[in-house]
Amino acid sequence: MAVELRAVRKLALALPDVADVSSPRGVCFKVAGRLLACEAIHASAEPSSLMVRVSLAERARLLAENPDAFYVTAHYQKHPAILVRLSRVRREALRDLLGAAWLFVSESSATPKRAKPRRVALDLRGLSGRDREDLFTLSGAVKRDAAVEAWFGHGSVELKAIARAWFKRMRRCGNDVRELMHDGCPVACVEDAAFAYVNAFKGHVNVGFYCGAMLEDPAGLLQGSGKRMRHVNLTTADGVDNEALAELIEAAYADIKARLAANRS
């Protein structure tokens, strides 16, 4: 079960824009100049531990779910970070953790802090019980689908890492998010209504929205000309406004919940 440092390096460098800035003090990885993960060298850390930056909420979840692999000491308690026992963590769990860390660091550094966060407006005009045809419904969605995880494990490591990070962002929208595979790609739903998906192609990743045409897009990220669906095209070479894309995902989630509520009224 133990994960060696060379495996940590391989997992970290598979993520977009990650640089290896290791030194004689230990391994260290950064995203766009911001710390992602490094060997835990403080005296309070156990030997063979990795420090990974995550949100405080994500840390609390990991500590509750797997205290054998994850822990924190008083020195690290005040920082948005978690400690990983490389001798006890599974490779798959560390891969997921580094993906979540990449998204956390990328979102934190995407744009300067604002006094008031930008919100993506929703076009909810005309929602009524007649709008069931505006929903793309699928049966069989579950909280965690093994087929979705299997999809992330095949193909281009770099592209699937991008797709995984953004799909995890969809999962975090709410406890009612469900998932399944449809048309060969992971789809996020609320109840039976799909609101977003990810897909990986030869040279890019799509983050798609089933009601994307109804979302306002001040950053101009959305592509497509269909009646409802829109997508954001991501490549390993091009940067993206991570904050704007995260807000589109939140807006798509809020939009689908509003449409479901309107159908029930």
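The values are calculated or read from the model by the stated rules, or taken from the named source; none is laboratory data. Remember, it's a predicted structure, so these values are computed and weren't measured experimentally. When we count neighbours, we look across all protein chains shown, and the Cβ atoms used for this are built from the backbone with ideal geometry, even at glycine.
Of everything in the stretch 141-156 that's outside any helix (DSSP H, G or I) and modelled with pLDDT under 90, which residue is surrounded by the most Cβ atoms within 10 Å (Cβ to Cβ)?
Across the stretch 141-156, the extreme among qualifying residues is Ser156.
Answer with yes or no whether Arg53 is exposed (fewer than 14 other Cβ atoms within 10 Å of the Cβ) and either on the phi < 0 side of the Ramachandran plot or not acidic (Asp, Glu) (or both). Quick ask: steps written out before the conclusion?
Values: exposed (fewer than 14 other Cβ atoms within 10 Å of the Cβ): no; either on the phi < 0 side of the Ramachandran plot or not acidic (Asp, Glu) (or both): yes.
No.
Can you say whether Leu11 is modelled with pLDDT of 95 or more and within 26 Å of Glu149 (Cβ to Cβ), as far as the supplied structure shows?
Values: modelled with pLDDT of 95 or more: no; within 26 Å of Glu149 (Cβ to Cβ): yes.
When the stated conditions are applied, Leu11 does not pass them.
Taking the residues in the stretch 220-255 that are in contact with a His (Cβ under 8 Å, 6 or more places away or on another chain) and not aliphatic (A, V, I, L, M) as candidates, determine which candidate is modelled with the lowest pLDDT.
My answer is Thr235.
Condition check: surrounded by 15 or more Cβ atoms within 10 Å (Cβ to Cβ), within 20 Å of Ala165 (Cα to Cα) and of a type outside the set (Asp, Glu). Does Arg59 satisfy that?
Details: surrounded by 15 or more Cβ atoms within 10 Å (Cβ to Cβ): yes; within 20 Å of Ala165 (Cα to Cα): yes; of a type outside the set (Asp, Glu): yes.
So Arg59 fits the description; yes.
Would you say Val72 is in contact (Cβ under 8 Å) with a residue 40 or more places away in the chain, outside the structural domain of Arg169 (by TED's automatic domain parsing) and under 24 Å from the mean Cα position of the chain (by Cα)?
No, not satisfied.
Given the criteria at pLDDT 90 or above and farther than 26 Å from Glu92 by Cα, does Ala163 qualify?
no
The rows are residues; the columns are (1) closer than 25 Å to Phe167 by Cβ; (2) charged (D, E, K, R).
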position	(1), (2)
Val3	yes, no
Lys10	yes, yes
Val21	no, no
Val27	no, no
Arg34	yes, yes
Val52	yes, no
His75	no, no
Arg85	no, yes
Gly99	yes, no
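Taking the stretch 28-41, which residues are under 14 Å from Ala101 (Cβ atoms) and surrounded by fewer than 18 Cβ atoms within 10 Å (Cβ to Cβ)?
Lys30, Ala32, Arg34, Leu35
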